[in-house]
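What follows is one structure encoded as structure tokens, with my remarks underneath.
Just so it is clear, none of the values below were taken in a lab; they were calculated from the coordinates. In this text the structure is predicted, and so the values were computed from the model without any measurement. Note: ideal-geometry Cβ built from the backbone for every residue, glycine included; neighbour counts use all protein chains shown.
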Amino acid sequence: MARVAMVTGGTRGIGRAICERLKNDGFHVAAGYSGNDEAAAACAKELGVMVIKGNVGHFEDCQRATAAVEAEYGPIEVLVNNAGITRDGFFHKMTPEQWSEVIRVNMDSVFNMTRQVITGMRERGWGRIINISSINGQKGQAGQTNYSAAKAGMIGFTKALALESANKGITVNCIAPGYIDTEMVSAVSPEVMAKIVGQIPVGRLGHGEEIADMVAFLAGEHAGYVTGATLSLNGGQYMMG
């Protein structure tokens, strides 16, 4: 019987690549999104996945989304916390709204969504929670104190929940991508792109499919001995000891 996967921020960019891979691997897939109805409709039509609109920064929206998926497919067994936004600015000029919005969507969402599924996973004795962090949560980035704080928080969350859940058959892992060829990154000027690529030892941007490959492994039956890990996929740009 097909397992059920939920991917937040799943209708564009890295999230869509993850949804496509999991769907091709035989999962029932639900993709969460917040605003772009056109992209969501295309994702549903082209990939054959369920799409659900809501704000992952709001606990009640996450409750509704989870209930909708469970009504359609059954209990969520794989959760990919991928949703994220940026509101960049140097800290001495950062507004409370820039700070709190990024923390809500990037960090509070991990609690909001995981809290919906963790009890069921514990009761069934199996689950996969995969958090999509960032290279900037590992090394920091000027102009992104809010984003870096949230993405670093995901790593700490991953380690703590992994310890709590290991004896219940639940793995909790983190993926920290570097620069990936999403619409947002690809939209920068050629000059800026050259500087970005020049910092990456493999000499290119990453591909969403490469992140999806790692998610697919962590979501599978053969990844039961991998938990509490943060896997860096950044082309060698930042190497953790």
For this session: Compute the relative contact order of the range 4-232 as a whole-number percentage, counting only Cα pairs closer than 8 Å that sit 6 or more residues apart in sequence.
Result: 21 percent
Problem set entry | Spin-label model distance (nm) - ARG204 vs HIS92, 7 Å beyond Cα toward Cβ | 4.2 nm
Exercise. Which one, (i) 31, 20, 16; (ii) 27, 19, 19; (iii) 23, 22, 18, gives semi-axes √(5λ) of the Cα gyration tensor in Å as derived from the coordinates shown?
Worked result: (ii)
Seminar exercise, completed: The ³J(HN,Hα) series, computed from each phi in the range 35-42 with the Karplus coefficients 6.51, -1.76 and 1.60 at θ = phi - 60°, rounded to the nearest Hz and given as x for glycine or proline, is x, 8, 5, 5, 5, 5, 5, 5
Problem set entry | Gaussian network model of the chain, Cα within-10 Å springs - most flexible of LYS53, LYS195, LYS23 | LYS195
Problem set entry | Centre separation in Å (Cα based) which lies between the range 164-199 and the range 210-241 | 12 Å
For this session: Compute the acute angle (0 to 90°) between the alpha-carbon long axis of helix 145-165 and the principal axis of greatest extent of the alpha-carbon atoms of the chain; round to the nearest 10°.
Result: 30 degrees
Problem set entry | Most mobile of THR119, THR171, THR227 in a GNM of the chain (Cα contacts under 10 Å) | THR119
